[in-house]
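The values are calculated or read from the model by the stated rules, or taken from the named source; none is laboratory data. This structure is a prediction, so every number in the text was calculated from the model and none was measured. Cβ atoms come from the backbone with ideal geometry, glycine included; neighbour counts cover every protein chain shown. We work out accessible area using only protein heavy atoms, side chains counted, and drop any ligands, DNA or RNA first. Shrake-Rupley method; radii C 1.70, N 1.55, O 1.52, S 1.80 Å.
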Amino acid sequence: MGCIEHTFPFGHPDHDAPAPTDVAALAAVDPAAMSLDQLDAALDGFEGSRRELEAAELAVLAEYERRGGHRRSGSVSPATELAHRHGRERREVRARVSTAQKLRRLPQMAEALAARTVTVDHARILARALTERTAEAMARDEAMLVRLARRLGADDYRKAVRHWSRHADADGPEPADETPSEWHLSTGLDGVG
């Protein structure tokens, strides 16, 4: 059963990447007063701005991590530092840091992200697939995987990269902790466990 391809219009050769928009100017306009065409254009503009901002943020985040910027405050990691400083969820910040780190080893994906022809979702999906066991295959196949990212939406791209990963890492994912899980049942005050 094959993957259903949904054309990803902004990555398709016949479409330009969405152009960033003047967010402040757009925020001053009442969306209820906009036509559907204006709403479409605004949403595309927001997407372009989001892509531009996320690409720049990941580049800065990678450099911040490389330089150990979090150590100035005594934090144990960039994710801990930035989650605390910005009030963000640490898990989300940790995922962004990981993506930023791995994009240094995925130059073609980093370039596509900077050009706004893929989304940060595409970059994160490919970054997750980069492990020590897939590094050699990734170096060989990155260009093909980036071309695919330009054609597919993130959901279909995740499926395609998962399929690629199964072939690139014949040993499968890292084994889980071999410690057996435990389950305890205690009798409560009402006599029920």
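Quick rundown of the values:
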item: Counted residues, the stretch 37-69 - those being open to solvent by 40 Å² or more (accessible area, probe 1.4 Å), of a type in the set (A, V, I, L, M) and under 22 Å from the mean Cα position of the chain (by Cα); result: 5
item: Exclusive hit being under 26 Å from residue 152 (Cβ atoms) and open to solvent by less than 50 Å² (accessible area, probe 1.4 Å), set 26, 113; result: 113
item: Residue ID - modelled with the lowest pLDDT, chosen from residues in the stretch 143-193 that are open to solvent by 100 Å² or more (accessible area, probe 1.4 Å) and of a type in the set (Asp, Glu); result: 177
item: Some residue of the stretch 78-85 being acidic (Asp, Glu), under 18 Å from residue 127 (Cβ atoms) and crowded, with 16+ Cβ neighbours inside 10 Å; result: no
item: Failed item in (1) charged (D, E, K, R); (2) closer than 18 Å to residue 50 by Cβ; (3) surrounded by fewer than 13 Cβ atoms within 10 Å (Cβ to Cβ), with residue 72 passing the rest; result: (2)
item: Hey, residue 101 in contact with a helix residue (DSSP H, G or I) (Cβ under 8 Å, 6 or more places away or on another chain) and surrounded by 13 or more Cβ atoms within 10 Å (Cβ to Cβ) or not; result: yes
item: Answer residue from the stretch 12-23, given it is over 12 Å from residue 117 (Cβ atoms) and exposed (fewer than 11 other Cβ atoms within 10 Å of the Cβ) and is modelled with the highest pLDDT among those; result: 22
item: Long-range neighbours under 7 Å by Cβ, at least six apart or interchain, first residue in a helix (DSSP H, G or I) within the stretch 152-166, second open to solvent by 100 Å² or more (accessible area, probe 1.4 Å); result: 156/4; 156/6
item: Considering residues of the stretch 50-80 that are of a type outside the set (A, V, I, L, M, F, W, C) and in contact with a Ser or Thr (Cβ under 7 Å, 6 or more places away or on another chain) only, the residue nearest to residue 24 (Cα to Cα); result: 51
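Yes/no per residue for (1) of a type outside the set (Gly, Ala, Ser); (2) at pLDDT 55 or above; (3) in contact with a strand residue (DSSP E or B) (Cβ under 6 Å, 6 or more places away or on another chain):
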| site | (1), (2), (3) |
| --- | --- |
| 10 | yes, no, no |
| 28 | no, yes, no |
| 36 | yes, yes, no |
| 44 | yes, yes, no |
| 47 | yes, yes, no |
| 51 | yes, yes, no |
| 55 | no, yes, no |
| 60 | yes, yes, no |
